[in-house]
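Undergrad: I'd like to ask you about the structure that follows.
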Amino acid sequence: MKKKKRGSYLPAEKKLTRLQAFLAHCGVASRRACEKIILDGRVSVNGSIVTELGVKVSDTDSVFVDGKQVRPEEEKRYVLLNKPAGYVCTQSDEQGRPVAVDLLKATFPERLYNVGRLDMFSTGAIIFTNDGDFAAKVSHPSAEIEKEYIVESSMPLPRDLAEKFKKGIRVEDVFYKAKDAQELNSHKMKVVLVEGKNREIRRVFENAGVAIRSLERVRIGSIQLGNLKTGEFRQLSDFEVSSLLKICKTKGE
């Protein structure tokens, strides 16, 4: 190895990062979601469309997504929102429906995206971030993060529904099983899910002939919704972020 002469400086090597990781660090989406964005041909590097996942880039490269330049975020954001009913959890909506992330844009200039989803008519806790690594760890199935919901019905609950949900219920060839389900009163149930299949609670209740009046997520792992009012949001503390990641690490190993 050649020694550097005293008084001379060698140019620093560019730090190369896989394109999907670079996009995640820019706050575009989680790393997994960024892979699909690349494969869909929505990303260009230095003027050329890239559709392969093996490409590496540096901070000096010009990277565009959907025609807009993206750069790595300097400050990481972790925001808990109490999502109102009627809002969808996407970056934009072709049908013109209200988008949950728009509630944050006046306060946070960074491009934030939701970690996981809540359906349009559900309310409660959902986390937004611009940290792709955090989003990937928290949303990965192996993390087994618990999500707790309070479900209110417009009619009395079948007395055996909670127990059936805990044991597992098959609806249209899909098997649904809650980690925990407890009847709080004749019209209210607490449900804890881990896997959380699409519209799982709604499908189980509909299958039992029960109409849902409201469905609210009150906890994500160690993060409680607490006294946050509908439409309000707050930043997670460093302790809350590290606690949630610690759960992921423990569950995922």
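Undergrad: Any aspartates and glutamates with Cα under 15 Å of the residue 36 Cα? List them, leaving off those in the same chain fewer than 8 positions away.
TA: 52, 66
Undergrad: Under a 10 Å cutoff between Cα atoms, tell me which one of 103, 23, 39 has the largest fluctuation in the Gaussian network model of the chain.
TA: 39
Undergrad: Oh, and also: Want the number for residue 170 to residue 104: 0.36 nm per residue separation, take away the alpha-carbon distance, what's left? Present the calculation step by step, with values, prior to reporting the outcome.
TA: Working: separation 66, 0.36 × 66 = 23.76 nm, distance 3.81 nm.
Separation in residues times 0.36 nm, less the Cα-Cα distance, equals 19.9 nm.
Undergrad: In Å², what does the accessible area per residue of the chain work out to with a 1.4 Å probe?
TA: Values: 14810 Å² over 253 residues.
Here the per-residue accessible area is 59 Å².
Undergrad: For the charge dipole of the chain, defined by +1 on Lys and Arg C-beta atoms and -1 on Asp and Glu C-beta atoms about the Cα centroid, which residue among 156, 225, 37 has the Cα displaced farthest towards the positive pole?
TA: Among 156, 225, 37, the one farthest towards the positive end of the dipole of the chain is 37.
Undergrad: Provide the three semi-axes, in whole Å and in decreasing order, of the ellipsoid equivalent to segment 43-194 as defined by the square roots of 5 times the Cα gyration tensor eigenvalues.
TA: That gives 38, 18, 14 Å for the three semi-axes.
Undergrad: Related question: Just reorder 30, 153 by solvent-accessible area, largest first, 1.4 Å probe, all chains present.
TA: 30, 153
Undergrad: Viscosity 0.890 mPa s, temperature 25 °C: what is the translational diffusion coefficient of segment 119-174 from Stokes-Einstein with a Kirkwood Rh over Cα pairs, rounded to a whole number of µm²/s?
TA: D = 165 µm²/s.
Undergrad: For the chain, modelled as a GNM with alpha-carbon contacts under 10 angstrom, which of 123, 60, 90 fluctuates the most?
TA: Fluctuation is largest for 60.
Undergrad: If I compute solvent accessible area with a 1.4 Å probe over the protein chains, what percent of it on segment 118-251 is carbon and sulfur?
TA: With neighbouring chains kept in place, the figure for segment 118-251 is 48 percent.
Undergrad: Could you tell me which residue out of 243, 204, 192 lies farthest along the dipole of the chain toward its positive end? Charges go on the beta carbon: Lys and Arg +1, Asp and Glu -1, centred on the Cα centre.
TA: Result: 243, furthest along the dipole toward the positive end.
Undergrad: Would you kindly give the portion of the calculated P(r) for segment 113-253 that falls above 17 Å, as a percent of all Cα pairs?
TA: Roughly 61 percent, rounded to a whole number.
Undergrad: Moving on. Of 105/164; 137/177; 56/179, which sit over 30 Å apart, Cα to Cα?
TA: The answer is 105/164; 56/179.
Undergrad: Further, regarding this structure: Which residue, 234, 111, 97, has the most motion in a Gaussian network model of the chain that connects Cα atoms within less than 10 Å?
TA: It is 97.
Undergrad: I would also like to ask the following. Give me the percent of the accessible area of segment 39-99 that comes from carbon and sulfur atoms, probe 1.4 Å, all protein chains in place.
TA: Percent of accessible area from carbon and sulfur atoms in segment 39-99: 44.
Undergrad: Pairing the Cα long axis of helix 238-252 with the longest principal axis of the chain, what angle in degrees results, from 0 to 90 and rounded to the nearest 10?
TA: With both axes taken from Cα atoms, the answer is about 80 degrees.
Undergrad: Here's a follow-up. May I ask you to list the aspartates and glutamates whose Cα is less than 13 Å away from that of residue 76, ignoring any residue fewer than eight positions away on the same chain?
TA: 110, 131, 133, 238
The values are calculated or read from the model by the stated rules, or taken from the named source; none is laboratory data. Note that this is a predicted model, so its numbers are computed, not measured. Here the Cβ is made from the backbone with ideal geometry for all residues, glycine too, and neighbour counts use every protein chain on show. Protein only, heavy atoms only, side chains kept; ligands, DNA and RNA dropped before computing areas. Shrake-Rupley method; radii C 1.70, N 1.55, O 1.52, S 1.80 Å.
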